[in-house]
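Asks: First the structure, which I've put down as structure tokens, then a few questions once you've had a look.
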Amino acid sequence: MSFNTFGRLFRFTSWGESHGPAIGCTVDGVPPRIELCEADIQRYLDERRPGQSKYTTQRREPDTVKILSGVFEGQTTGTPIQLMIENVDQRSKDYGEIAQSYRPGHADFTYDAKYGIRDYRGGGRSSARETAARVGAGAIARKILGDDIQIRAGMVQMGPLGIDRNRLDWSEVRNNPLFCPDATAAEEWAAELDRIRKAGSSVGAVIEVVADGVPAGWGAPVYGKLDADLASAMMSINAAKGVEVGAGMGAAALTGEENADQMRPGKDGKPEFLSNNAGGILGGISTGQQVVARFSVKPTSSILTPRKSVTSSGEATDVVTKGRHDPCVGIRAVPIAEAMMAIVLADHMMLHRAQCS
């Protein structure tokens, strides 16, 4: 019961720790004869890579991916694809002082409680370093989905500051270091994040991820719901504390008249929806509309302000987390969110074709 594998037909198993020699994943279920090379994966890893701006951890990892198996002469063979990313900039000495202390807000205590042993160097397996493997698997998932399905994500809230939906422009996400789809908000947030960073503190965020081009019919009722798998995928991302689809929590404040996505006859005999409170999913099955999900991430627990804690032997202590950390993990969560959306959609595309082709 290790639970390091995600997915059904398209599935991946990630491996490795923050300060180990390498991290990576084994991707299984990939159909044969799909064109794939390391450059197809590297472009997405470069977006997640740390140290690209002063607003992310300054750990310098090139995140260069190597394909070890499952590809021959530029095409997938249908066998497991093994990806490896070497760790080259570990500074394990930064964590020596907390080897016997539990960092508040981290998984130190729970890992110790479960396994009786923990890798204190950067959190070991609980580190967000593991998410590089997900981005690699997500790149392969996008190749399966093809160009007709477009996946985009952005940080739509930082702390209490939100974007102006009237200025939402997905093309702006890669134009600013905060991965924000509102250029004006990005400038305003940068000044606030500078203040938080210099104070050695951190702030939370909300990430929105959308998928266009998903056809109607993907997903299954009851236990194979598309939105349930999306929720699981997003909640599995480090620091995630809440997920919503479509109107989400806001649906509780709507009336039945407001919430129902009305329909009218559309092109090719398909219905045209007049709104999308359902987030593109009804009864666990895609409607053909844009699939929309959002999730919140907590503030980074690694801060310079002393926090009360205990040692592994039960003694009181104060903990200051040194090292290189993100003042807002929501920034680098954007490419991870896109990857997890792609992984879920590729899995459900294959499941749908297996049953209903």
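Asks: Would you compute, from DSSP H runs of 4+ residues alone, the mean residue ellipticity of the chain at 222 nm, taking -39500 (n - 2.57) per run and dividing by the full residue count, rounded to the nearest 500?
Replies: Dividing the helical sum by the residues of the chain leaves -8000 deg cm²/dmol.
Asks: Let me ask another. Once you sort the root eigenvalues of the Cα gyration tensor of the stretch 82-234 as a ≥ b ≥ c, which label holds: rounded (a/c under 1.5), prolate (a/b larger than b/c) or oblate (the other case)?
Replies: Because a/c hits 1.5 or more and a/b fails to exceed b/c, the stretch 82-234 counts as oblate.
Asks: Please work out the FRET efficiency for the pair GLU192 and SER171, using the Cβ-Cβ distance as r and a Förster radius of 25 Å; give the result to the nearest 0.05. Write down the numbers at each step before the final one.
Replies: Numbers: r = 23 Å, r/R0 = 0.94.
So the FRET efficiency works out to roughly 0.60.
Asks: Same structure, new question: Given labels modelled 7 Å from the Cα in the Cβ direction, how far is it in nm from ALA22 to GLU38?
Replies: 1.1
Asks: May I ask you to order 223-229, 193-199, 204-210 by the average number of other C-beta atoms within 10 Å around their residues, highest value first?
Replies: Order by mean packing, descending: 204-210, 223-229, 193-199.
Asks: Let me see the pair-distance distribution of the chain: every alpha carbon pair, 20 Å bin width, integer percents in order.
Replies: 28, 57, 14, 0
Asks: Any chance you could run the full-extension gain for ASN259 through ASP148? It's 0.36 nm times the residue separation minus the Cα-Cα distance, nm to one decimal.
Replies: Length gained between ASN259 and ASP148: 37.1 nm.
Asks: Under the definition of Cα pairs under 8 Å and six or more residues apart, what whole-number percent is the relative contact order of the chain?
Replies: 23
Asks: Let me ask another. Can you give the net charge of the other residues whose Cβ lies under 12 Å from the Cβ of MET263, counting K and R as +1 and D and E as -1?
Replies: Its environment carries a net charge of 0.
Asks: Could I ask something else about it? Ignoring any ligand, DNA or RNA, what whole percent of the accessible area of the stretch 69-164 comes from carbon and sulfur when the probe is 1.4 angstrom?
Replies: About 49 percent, which is the carbon plus sulfur part of the accessible surface.
Asks: Which distance in Å, rounded to a whole number, links the C-alpha centroids of the stretch 20-44 and the stretch 185-222?
Replies: Taking the Cα centre of the stretch 185-222 as reference, the centre of the stretch 20-44 is 25 Å away.
The values are calculated or read from the model by the stated rules, or taken from the named source; none is laboratory data. Keep in mind it's a predicted model, so treat the numbers as computed, not measured. Please note: Cβ atoms are built from the backbone with ideal geometry, for glycine as well, and neighbour counts cover all protein chains shown. Keep in mind that these areas ignore ligands, DNA and RNA; they rest on the heavy atoms of the full protein, side chains included. Shrake-Rupley method; radii C 1.70, N 1.55, O 1.52, S 1.80 Å.
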